[in-house]
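These notes are about the structure you will find just below.
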Amino acid sequence: MSRQDGGTPAAPEPHDGAAGAAPGTRRGRPRSEGVERAVFDAVVLLLGEGLPLAELSIERIARTAGVGKATIYRRWAGKEELFVDLLRSLEAPDPVLSGASVRDDLVVLLESLRERGVAKRTSGLLHNVFAQMQLYPKLWNVYHLTVIEPRRRLGLDTVRRGMERGEIRADLDVEFVNDLLTGPLLLRTVLRPGASLEPGLAERVVDTVLEGLRPRG
């Protein structure tokens, strides 16, 4: 894939400064936050106008954002990586767990999942992007590995901690327990999009599941 700028003037682009970066500096950050925002806004604008992901080229994104293609390629290897970073920027950050109580940490994790489900229902952009993204296996795999999998590991680590502390039966499979906890939220978000995601649902799920998983006397 060509990394040429397609005739863009050689004058430095605003906020970029990559050419003068000191060795070892992480390219594009923090000096490029304005450029990154412009690129993200351009993608959102184009998707909002109904442009399918398949037609959303780097060249078109660059033209809409008012930057050169080389500026985009200095930050992302391609369209897939750009889309994943955009989706990450649209979502709430990963929840911070206190570690003081396994029950409370599980509630925080499930509440984060509930809020994401609500956001996808209420945001036409998110709903549109996720619906299209699942048609592109490569893009979906990148998103799964960089966004979904780290959050799943948070849940698995929390369940293990609960087993070590004696709050959850240690003879159970960790992934199975995590599925029991996240399953109701995913069911209502994916398979039953009209089902309620009311406040307090995370607490109800955690308390109900933990009641059945407590170590036997």
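The values are calculated or read from the model by the stated rules, or taken from the named source; none is laboratory data. All of these numbers come straight from a predicted model, not from anything done at the bench. So basically every Cβ, Gly included, is an ideal-geometry build from the backbone, and we count neighbours across all protein chains shown. Ligands, DNA and RNA are stripped out before the accessible areas are found, and what is left, the full protein with its side chains, is counted by its heavy atoms. Shrake-Rupley method; radii C 1.70, N 1.55, O 1.52, S 1.80 Å.
Remarks
- At full extension, residue 207 and residue 91 could sit 39.1 nm farther apart than now, given 0.36 nm per residue minus the alpha carbon distance.
- Listed by chain and number, the lysines whose C-alpha is less than 19 Å from the C-alpha of residue 138, apart from same-chain residues fewer than 8 away, are 79.
- The modelled label-to-label distance between residue 51 and residue 37, using points 7 Å beyond Cα along the C-beta direction, is 2.1 nm.
- If R0 is 45 Å, the Cβ-Cβ spacing of residue 216 and residue 115 corresponds to a FRET efficiency of close to 0.85.
- Using 0.36 nm per residue and subtracting the Cα-Cα separation, the extra length available between residue 147 and residue 175 on full extension is 8.3 nm.
- Segment residue 123..residue 101, full-extension length gain: 4.6 nm, with 0.36 nm per residue of separation and the alpha-carbon distance subtracted.
- Among 175, 111, the order of accessible area from largest down is 175, 111, computed with a 1.4 Å probe on protein heavy atoms.
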